[in-house]
């Protein structure tokens with residue numbers, strides 16, 4: 001699919017972004033192994049989260065969508081901790097690293113073997129980071145070249161471990177905590193850098209025996225989860241594209257409704273405000289253990305800056321769109337400690353650099369980051385998304401500030417997280 005994106009003089013209106021991908025994955029998995037039914041409101045429409053549902057259904061979990069008072073609701077009929085069924089086929093996680101990494105924590109404890117894989121992109125993403133702790137807990141896992149999907153997971157009774165994360169990763173942390181639900185004893189996960197805590201909050205919401213501390217979580221195995229209604233906040237990572245569009249364009253005023261404002265995810269807002277962004281919080285409340293609010297964003301003069309260390313880990317998914325903003329900022333953008341970008345859906349350091357070059361934007365890359373000078377002008381180009389949803393969306397926003405229409409090749413990859421992205425973009429820029 002090729003999308004034509006024309007320059008825009010401004011952006012206005014109300015944005016309703018899809019349900020948060022990270023939270024949707026977690027709610028579906030936990031609801032599936034809870035006792036009783038759960039109703040999940042605003043479940044993500046992205047393809048990744050549909051991959052999670054497909055895997056769960058292959059494990060015997062019944063789930064269906066319906067409309068209630070104009071709201072899309074996913075009903076998940078939980079089977080309890082110990083009643084998943086052996087799948088009759090290999091589980092297909094599609095393009096979703098979240099699905100394969102987190103679900104593996106549950107599969108490791110089942111009394112059967114499971115094969116789980118995905119598409120070509122997922123098959124190149126490293127899994128040793130989950131294989132190591134799950135093996136310590138007692139699972140037997142085979143992988144291609146000892147680290148790549150597909151994985152064959154031979155479930156076993158699991159033992160609790162005390163595990164310091166060698167790499168800052170909420171997916172790995174979640175995998176170990178989900179395995180810890182089944183383990184004999186108390187499983188502890190320690191972080192040197194705080195990552196998103198959606199799994200911990202969801203486990204507590206559904207009744208797990210979990211203790212949450214700064215950069216540490218303890219979970220005691222055996223506690224039964226109980227199904228309940230859950231509300232998924234709007235995805236702040238998806239909202240980031242429209243936030244940056246509003247900051248970049250000269251005549252902009254948008255409202256982003258019902259977006260997730262979990263403190264482990266709002267480093268984006270902190271960074272942008274520190275650079276001069278006019279972002280106003282209009283409303284905030286707590287729902288299902290998560291903070292949800294409404295933001296107003298207006299055109300701003302952005303200074304630029306540096307992203308490094310713990311901030312890089314917190315913003316890893318937003319770096320493609322921040323690279324776009326950096327090019328038009330006053331002082332440019334420097335990104336360091338971002339080697340993780342090279343093992344995402346694409347080598348994002350490379351795809352960011354190549355597409356900036358196509359738009360005549362100067363950039364200097366390194367193994368773990370890049371430097372983009374400020375005060376540059378985007379030129380129309382043919383963008384290669386390379387199957388990466390965040391690259392497709394980030395450079396669509398760049399195209400709004402170009403001199404002529406640009407063409408986004410493989411634009412359909414945006415459906416992985418935000419199927420409504422292009423229709424929303426057209427509506428707001430009319």
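The values are calculated or read from the model by the stated rules, or taken from the named source; none is laboratory data. The shown structure was predicted, so the numbers you read here are calculated from the model rather than taken from an experiment. Because the Cβ atoms are built from the backbone with ideal geometry, glycine has one as well, and the counts that use them run over all protein chains shown.
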Evaluate region 355-372: report whether one residue or more is at positive phi, out of contact with any helix residue (DSSP H, G or I) (no Cβ under 9 Å at 6 or more places or on another chain) and in a loop (DSSP other than H, G, I, E, B). yes
I need the full set of residues from region 262-309 which are closer than 21 Å to residue 169 by Cβ, assigned to a loop (DSSP other than H, G, I, E, B) and in contact with a helix residue (DSSP H, G or I) (Cβ under 9 Å, 6 or more places away or on another chain), in order please. 262, 264, 265, 266
So for region 377-392 (the condition being assigned by TED's automatic domain parsing to the domain that holds residue 317, modelled with pLDDT of 95 or more, part of a helix (DSSP H, G or I) and in contact with a strand residue (DSSP E or B) (Cβ under 7 Å, 6 or more places away or on another chain)), does at least one residue qualify? yes
Tally time: how many residues in region 26-61 are closer than 21 Å to residue 393 by Cα and in contact with a helix residue (DSSP H, G or I) (Cβ under 6 Å, 6 or more places away or on another chain)? 7
Just to be sure I understand, how many residues within region 95-128 are in a loop (DSSP other than H, G, I, E, B) and either in contact (Cβ under 8 Å) with a residue 60 or more places away in the chain or outside the structural domain of residue 181 (by TED's automatic domain parsing) (or both)? 8
Looking only at region 129-148, count every residue that is under 16 Å from residue 174 (Cβ atoms), in contact with a strand residue (DSSP E or B) (Cβ under 8 Å, 6 or more places away or on another chain) and either without any contact (Cβ under 8 Å) to a residue 40 or more places away in the chain or part of a loop (DSSP other than H, G, I, E, B) (or both) and tell me the total. 2
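Among the residues of region 226-245, are any under 30 Å from residue 305 (Cβ atoms), in a strand (DSSP E or B) and either free of Cβ contacts under 8 Å to residues at least 60 places away in the same chain or within 17 Å of the chain's Cα centre (by Cα) (or both)? Quick ask: steps written out before the conclusion?
Here is the first cut: in region 226-245, the ones under 30 Å from residue 305 (Cβ atoms) are 233-245.
Pick out the ones that are also in a strand (DSSP E or B) and you get 234.
Then drop every residue that is not either free of Cβ contacts under 8 Å to residues at least 60 places away in the same chain or within 17 Å of the chain's Cα centre (by Cα) (or both), which leaves 234.
Yes, there is a match, as at least one residue in region 226-245 is under 30 Å from residue 305 (Cβ atoms), in a strand (DSSP E or B) and either free of Cβ contacts under 8 Å to residues at least 60 places away in the same chain or within 17 Å of the chain's Cα centre (by Cα) (or both).
With respect to residue 221, is the statement that it is on the phi > 0 side of the Ramachandran plot, at pLDDT 95 or above and surrounded by fewer than 23 Cβ atoms within 10 Å (Cβ to Cβ) true? Spell out how you get there, then give the answer.
Values: on the phi > 0 side of the Ramachandran plot: no; at pLDDT 95 or above: yes; surrounded by fewer than 23 Cβ atoms within 10 Å (Cβ to Cβ): yes.
Against the criterion (on the phi > 0 side of the Ramachandran plot, at pLDDT 95 or above and surrounded by fewer than 23 Cβ atoms within 10 Å (Cβ to Cβ)), residue 221 does not qualify.
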Determine if region 161-183 includes at least one residue that is more than 20 Å from residue 207 (Cβ to Cβ) and more than 25 Å from the chain's Cα centre (by Cα). yes
Got a number for residues in region 48-70 being touching a strand residue (DSSP E or B) at 6+ places or on another chain (Cβ under 6 Å) and part of a strand (DSSP E or B)? 5
Answer yes or no: is there a residue in region 155-169 that is closer than 16 Å to residue 101 by Cα, assigned by TED's automatic domain parsing to the domain that holds residue 106 and surrounded by 24 or more Cβ atoms within 10 Å (Cβ to Cβ). no
Looking at this structure, is residue 91 modelled with pLDDT of 95 or more, surrounded by 23 or more Cβ atoms within 10 Å (Cβ to Cβ) and over 27 Å from residue 236 (Cα atoms)? yes
Is at least one residue of region 272-289 surrounded by fewer than 20 Cβ atoms within 10 Å (Cβ to Cβ), touching a strand residue (DSSP E or B) at 6+ places or on another chain (Cβ under 6 Å) and at positive phi? yes
Just to be sure, is residue 74 touching a strand residue (DSSP E or B) at 6+ places or on another chain (Cβ under 9 Å), in a helix (DSSP H, G or I) and closer than 30 Å to residue 393 by Cβ? no
Going through region 1-47 in order, the residues found to be buried (at least 24 other Cβ atoms within 10 Å of the Cβ), within 24 Å of residue 386 (Cα to Cα) and in contact with a strand residue (DSSP E or B) (Cβ under 6 Å, 6 or more places away or on another chain) are 17, 20, 44
For residue 151, indicate whether it is surrounded by 20 or more Cβ atoms within 10 Å (Cβ to Cβ) and either in a strand (DSSP E or B) or assigned by TED's automatic domain parsing to the domain that holds residue 387 (or both). yes
Whichever residue in region 318-353 is closer than 20 Å to residue 196 by Cα and in a helix (DSSP H, G or I) and, among such residues, is farthest from the chain's Cα centre (by Cα): 339
